[in-house]
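Participant: Below is the structure I would like to discuss, written out as structure tokens.
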Amino acid sequence: MEKRKIKEGIYSVGAIDWDSRLFDNLIPLPDGTSYNAFLVQGSEKTALIDTVDVEMTEVLLKRLDQLNCIKIDYIIINHAEQDHSGALPKILEKYPEAKVLGTSKCKTMLLDLFLVEDDKFITVADGETLSLGNRTLEFIHAPWVHWPETMLTYLQEEEILFSCDLFGSHLATTDLYVTDEGQVYEAAKRYYAEIMMPFRSILKKNLEKLQKYNVSIIAPSHGPLYPKPEFILEAYKDWVESKPENIVVLPYISMHGTTRNMVEYLVDALVDQGITVKQFDLAATDIGKLGIALVDAATIVIGSPTVMTGPHPNVVSAAYLANALRPKVKFLSIIGSYGWGGKMVETLAQMIPNLKVEIIDPVVIKGFPDKDDYKALDKLASGIADKHKELGLIQ
Ligand code: FEO
């Protein structure tokens, strides 16, 4: 366990999940993930911070055995989601004297999810501390990172922030700490886009709340630990607070090549206007990549053919996702085609109420584009450039 030792008496005891390729049967996991849990031994008491996914229970039990852990006094549950709480019933079976600590909302959720006795729980207030003897845990309520019940746990003496989902990355690695910053930056940004971005405004408040803490190590419950916390704190500040960039994200699908032709023409026209474009074919794209692109984009242009009077179902799915993720995008337009009619634009426009965007006139054409249609796409490109200039994104 020497390689999993953070400090004397503080160990990472979670599990690496190399093989999963979908989280919640929804989110692609190109690099697997991990479910980190931490054992903190004080001079008088021992605490386990978070558990692991139920499928990985045996790994956690093995790690605790390797440390000869015969008694756990407290199980801190920062977040009730099952990838961190799934092993709780088995851990309580093995360590029946342990008390479970979490927010009051967390307690309700755990009682809903597991058949655990009510008197096992101790609810903790925001800012409350717990002495382990020579070590002190402080609980920081941080709602909506990722569910309403979430909290973080701060080990005061060693200045370690156990942040659970917050600052996490879906990355299976045997490295305890970040070694390849480029790889972790991409994985953490993907994680932010998929899990944290919908709660951006409350996340900003939670980040402000953390400013008063000296943090030497951030220990999330997915991915490697940050021995240089400013790396991930600065990335989050940028993702949450910076204004969008001079980028158009263009998710599209094409059935017979017409919409693709329009997309390719528009991409060239946007590039000529000095705009960076990120194009995603929804027939094959990894939605995590699309999520990453949405973190910084100022504009979305959706490309769709008309299918039975409405948008293509893959486009419907992407629009639903973008609406749920609530990126800081400012402008939106739609391009596409139809054979005899339809309400593709109206249907899509109704699907994005969460996006506080200005709609730039869509270009939806009958059949294959002719020269007037290409002119309309040129006009759309210059219209988007004008909007980006107004925001100061193009000099
Ligand atoms: Fe890693 Fe929201 O669970």
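Only the coordinates and a few stated rules stand behind these numbers; no lab work does. A quick note: this is a predicted structure, and the numbers were derived from the prediction, not measured. Note: ideal-geometry Cβ built from the backbone for every residue, glycine included; neighbour counts use all protein chains shown.
Participant: When the helix-only estimate is applied to the chain (DSSP H runs of n ≥ 4, each -39,500 (n - 2.57), divided by the residue count), what is the mean residue ellipticity at 222 nm, nearest 500 deg cm²/dmol?
Facilitator: -10000 deg cm²/dmol
Participant: Continuing with the same structure: Above 15 angstrom, tally the Cα pairs of segment 1-105 and express them as a % of all pairs, no decimals.
Facilitator: 61
Participant: Follow-up. Report the extension gain between residue 205 and residue 71 in nm, rounded to one decimal, defined as 0.36 nm multiplied by the number of residues separating them, less their alpha carbon distance.
Facilitator: Roughly 44.5 nm would be gained on extension.
Participant: Do me a favour and compute the ellipsoid semi-axes for segment 326-395 from its Cα gyration tensor, root of five times each eigenvalue, largest one first, whole Å.
Facilitator: With the √(5λ) rule applied to segment 326-395, the semi-axes are 24, 19, 6 Å.
Participant: Assuming 0.36 nm per residue, please report the length gained on full extension of the stretch residue 129 to residue 359 beyond their Cα-Cα distance.
Facilitator: 77.9 nm
Participant: If segment 213-282 were replaced by its equivalent ellipsoid, with semi-axes equal to the square roots of 5 times the Cα gyration tensor eigenvalues, what would those be, largest first, whole Å?
Facilitator: Here the semi-axes work out to 39, 16, 8 Å.
Participant: How far is the Cα center of segment 237-274 from the Cα center of segment 367-393, in Å?
Facilitator: Segment 237-274 and segment 367-393 have Cα centres separated by 11 Å.
Participant: Ok, one more. Sort 204-217, 295-308, 146-159, 102-115 by the packing proxy (mean of other Cβ within 10 Å over each peptide's residues), most packed first.
Facilitator: 295-308, 146-159, 102-115, 204-217
Participant: Can I ask one more? Rounding to the nearest 20 debye, state how big the charge dipole of the chain is about its Cα centre with +1 on each Lys and Arg Cβ and -1 on each Asp and Glu Cβ.
Facilitator: With only Lys, Arg, Asp and Glu charged at Cβ, the dipole is about 600 debye.
Participant: What relative contact order, as a whole-number percentage, does the chain give when Cα pairs under 8 Å and 6 or more residues apart are counted?
Facilitator: The value is 11 percent.
Participant: Filter the GluC sites (Glu not before Pro) in segment 1-68 to those in DSSP coil with at most 15 other Cβ atoms within 10 Å of their Cβ, and list the result.
Facilitator: Filter output for segment 1-68: 8, 44.
Participant: Going by amide H atoms built from the backbone, whose H comes under 5 Å of the H on residue 278, apart from near neighbours?
Facilitator: 248, 249, 250
Participant: For segment 179-258, what D do you get in µm² per second when you plug the Kirkwood radius from alpha-carbon pairs into Stokes-Einstein at 10 °C and 1.306 mPa s?
Facilitator: For the chosen part, D equals 107 µm²/s.
Participant: Here's a follow-up. Could you list the trypsin sites (Lys or Arg not before Pro) in segment 321-395 that lie in coil according to DSSP, counting only those with at most 16 other Cβ atoms within 10 Å of their Cβ?
Facilitator: Those satisfying the criteria are 343, 356.
Participant: If you plug each phi of segment 17-25 into the Karplus form 6.51 cos²θ - 1.76 cosθ + 1.60 with θ = phi - 60°, what whole-Hz ³J(HN,Hα) values come out, in order, with x for Gly and Pro?
Facilitator: Taking θ as phi minus 60°, the curve returns 10, 6, 9, 4, 10, 9, 9, 6, 6 Hz for segment 17-25.
Participant: Next question, about the same structure. Straight-line reach from residue 209: which lysines have a Cα under 16 Å away, not including same-chain ones fewer than 8 places off?
Facilitator: 237
Participant: For the chain, what ratio Rg/Rh do Cα atoms give with a Kirkwood hydrodynamic radius?
Facilitator: So for the chain, dividing Rg by the Kirkwood Rh gives 1.06.
Participant: Per-residue HN-Hα couplings for segment 70-80, Karplus 6.51 cos²θ - 1.76 cosθ + 1.60 at θ = phi - 60°, whole Hz, x for Gly and Pro?
Facilitator: Here the 3J(HN,Hα) series is 9, 9, 10, 8, 9, 10, 8, 10, 6, 8, 7 Hz.
Participant: Anything over 24 Å Cα to Cα? Flag those among 45/120; 243/289; 189/387; 107/212, in the order listed.
Facilitator: 189/387; 107/212
Participant: Here is a follow-up. Residue-wise, which Karplus ³J(HN,Hα) couplings in Hz belong to segment 120-130, taking 6.51 cos²θ - 1.76 cosθ + 1.60, θ = phi - 60°, and x for glycine or proline?
Facilitator: For segment 120-130, the Karplus curve yields 6, 9, 10, 8, 10, 8, 4, x, 5, 10, 9 Hz.
Participant: Continuing with the same structure: Give the residue list of GluC sites (Glu not before Pro) in segment 83-125 that are DSSP loop and have at most 14 other beta-carbon atoms within 10 angstrom.
Facilitator: In loop regions of segment 83-125 (DSSP not H, G, I, E or B), the sparsely surrounded GluC sites (Glu not before Pro) are 97, 117.
Participant: If you find the alpha carbon centre of segment 4-52 and of segment 110-146, how far apart are they in angstrom?
Facilitator: The distance from the Cα centre of segment 4-52 to that of segment 110-146 comes to 17 Å.
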